[in-house]
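Report on the structure given below.
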Amino acid sequence: AMKPEFEEWTKEFFPHPDATSAFACFLTYPSAVDHLREGVQKLAEVTSQFEDWHWRDFYNLEYALMKLLGYDWQNNSSLILSDAAVRRAFSLILKTLLDRQVPQAMELQDKMLRAK
């Protein structure tokens, strides 16, 4: 029932790191379960727009995205592995974190490779 509002909000505020971090954290709450797939897709679409200043510790973007990927993998790993579109969106966010050499992202990539 809130999809148009989310659509407008993400168009307005993404890729600003405050909004992106808050949205990534929101997606890990049980109340956001209906928005998870679409939300991960939205975040994947903006990863290429992140700039160096977006990653400053102040914004917690790295933490928020890693928290989201960890949550998603823990709850939906079979879907992520079996659905190409879901895996593509998940992997785009993961690659962004791998490019930044985030240790937790490397661990998650290992889990994905071992699970195949």
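Quick note: the coordinates plus some simple rules give every number you see, no bench work behind them. All of these numbers come straight from a predicted model, not from anything done at the bench. Counting neighbours? That spans all protein chains shown, and the Cβs are built from the backbone with ideal geometry, glycine included.
Which residues, taken from the range 1-47, are within 16 Å of Y71 (Cβ to Cβ) and assigned to a loop (DSSP other than H, G, I, E, B)?
Within the range 1-47, L27, T28, Y29 meet the criteria.
Among A89, A105, A32, A84, which is surrounded by 14 or more Cβ atoms within 10 Å (Cβ to Cβ), without any contact (Cβ under 8 Å) to a residue 40 or more places away in the chain, under 25 Å from F6 (Cα atoms) and hydrophobic (A, V, I, L, M, F, W, C)?
Result of the check over A89, A105, A32, A84: A32.
Scan (1) in a loop (DSSP other than H, G, I, E, B); (2) exposed (fewer than 10 other Cβ atoms within 10 Å of the Cβ) for the single condition W53 breaks and write down its number.
Here W53 clears every test but (1).
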